[in-house]
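Below is one structure; the comments refer to it alone.
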Amino acid sequence: MNTPKSRTGHLFVLEGIDGSGKTCVCEQLTEILRSENYDVVRLREPTHESQWGKEIREKSPGGELTPDEELELYTKDREWHITTKIQPALEEGKVVLMDRYFFASGAYQSTVLDLHWREILQINREELSAPEPDIVFILDVPAEIGLERATGRSGKANLQFEKLDRLIRVRRNYLEIAEHDISNVKLIDSLKPLQQVIYEIHKIIIDFINNSKSEPL
Ligand code: TYD
């Protein structure tokens, strides 16, 4: 686990299946925390900046990448992200809010590779020395609801079925991660109204920051 002494900031991660609402929550939380004078850096993966993040965004939706190529690109994109953005922001004492992180690789890539989510998380922790989040919020909704929210009801029935089948497995992985991983995970019921979800996460973040201020060095 990587928690260097120079890390004075906080790292909070939002995860969940497609359509779980994490991007919306991340945007609004950023606004709220900034209005309360927290120095917030909002980041997302895959990135829009590195050559690897761009390649994923270009090729992945059309199915041009093999599962192995995808995992490699996500890993390289993340390595770049850690060195260029995440670590520096943490060293500068910022509050880093991330829309997806290495838990997404575990939950998603393990559904198409012969690797357990645990192994993928381990690769990220050991080979990338990925900074460990203070809290990972997993926004949980049933796969059917996530798919409906993410794509509407449109699309060919068989394609929708394939997507649903995959999301069911991704959600199962996230639930297992929430229960068994070593990280500090909070499972959030994201069927609740958006404002309530934001309120809940905001309260947990503020309590965490306040408590860590009062901890002796
Ligand atoms: P998403 O959060 O929907 O990105 P955005 O809203 O910024 O376009 O993520 C895009 C997809 O990437 C999503 O289906 C999950 C997938 N993904 C992985 O499979 N592995 C990963 O490591 C990451 C970060 C994302």
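What residue among 71, 167, 113 shows peak mean-square fluctuation when the chain is described by a Gaussian network model with Cα springs under 10 Å?
In this elastic network of the chain, the residue with the biggest mean-square fluctuation among 71, 167, 113 is 113.
Sort 138-148, 193-203 for me by packing, meaning the mean count of neighbouring Cβ atoms within 10 Å per residue, highest on top.
Taking the mean over residues of other Cβ atoms within 10 Å, the ranking is 138-148, 193-203.
Assuming R0 = 30 Å, can you tell me the calculated FRET efficiency for the pair residue 35 and residue 91, based on Cβ-Cβ distance, to the nearest 0.05?
0.75
Would you mind telling me which residue in 150, 130, 178 has the biggest mean-square fluctuation in a Gaussian network model of the chain, where springs connect alpha carbons within a distance under 10 angstrom?
Between 150, 130, 178, it is 150 that shows the largest mean-square fluctuation.
Could you pull out every residue, at least 5 positions away or on a different chain, whose amide H is within less than 5 Å of the one on residue 187? Hs are placed 1.01 Å off N in the peptide plane, and Pro or chain starts have none.
Sorted by chain and number, the residues that satisfy this are 138.
Between residue 72 and residue 116, take the C-beta separation as r, use R0 = 25 Å, and let me know the FRET efficiency to the nearest 0.05.
Calculated value: 0.90.
What is the ratio of the Cα radius of gyration of the chain to 2.2 N^0.38 Å, where N is its residue count, to two decimals?
Its radius of gyration relative to the 2.2 N^0.38 Å reference: 1.00.
Between the DSSP loop rule and a limit of at most 16 other Cβ atoms within 10 Å, which GluC sites (Glu not before Pro) in the stretch 8-46 are left?
36
If I take every Cα pair under 8 Å that is 6 or more residues apart in the chain, average their sequence separation and divide by the length, what percent do I get for the relative contact order?
Once normalised by length, the contact order is 31 percent.
Please count, across the stretch 4-210, the pairs of lysine residues with Cα atoms under 17 Å apart that sit 8 or more places apart or on different chains.
11
Leaving ligands, DNA and RNA out of it, rank 6, 214, 60, 190 by accessible area with a 1.4 Å probe, largest first.
214, 6, 60, 190
How far apart, in nm, are the 7 Å Cα→Cβ label points at residue 145 and residue 184?
My value for the distance between the label points is 2.7 nm.
Please determine, in degrees from 0 to 90 and to the nearest 10, the orientation of helix 117-127 with respect to the longest principal axis defined by the Cα atoms of the chain, where the helix direction is its Cα long axis.
50
I'd like the orientation of helix 67-81 relative to the chain: the angle between its Cα long axis and the longest Cα principal axis, in ° from 0 to 90, rounded to 10.
That works out to roughly 20 degrees.
Given the -39500 (n - 2.57) contribution per DSSP H run of 4+ residues, what per-residue ellipticity at 222 nm results for the chain, rounded to the nearest 500 deg cm²/dmol? Before the final figure, lay out each step's value.
Values: 8 runs with 108 residues, N = 217.
Only helices count here, giving -16000 deg cm²/dmol.
Over the chain, with every protein chain in place, what whole percent of the accessible area is carbon and sulfur at 1.4 Å, could you tell me?
Numbers: 5550 of 11240 Å².
Using a 1.4 Å probe with all protein chains present, the chain comes out at 49 percent carbon and sulfur.
The values are calculated or read from the model by the stated rules, or taken from the named source; none is laboratory data. Source: prediction; values computed, not measured. Note: ideal-geometry Cβ built from the backbone for every residue, glycine included; neighbour counts use all protein chains shown. Ligands, DNA and RNA are stripped out before the accessible areas are found, and what is left, the full protein with its side chains, is counted by its heavy atoms. Shrake-Rupley method; radii C 1.70, N 1.55, O 1.52, S 1.80 Å.
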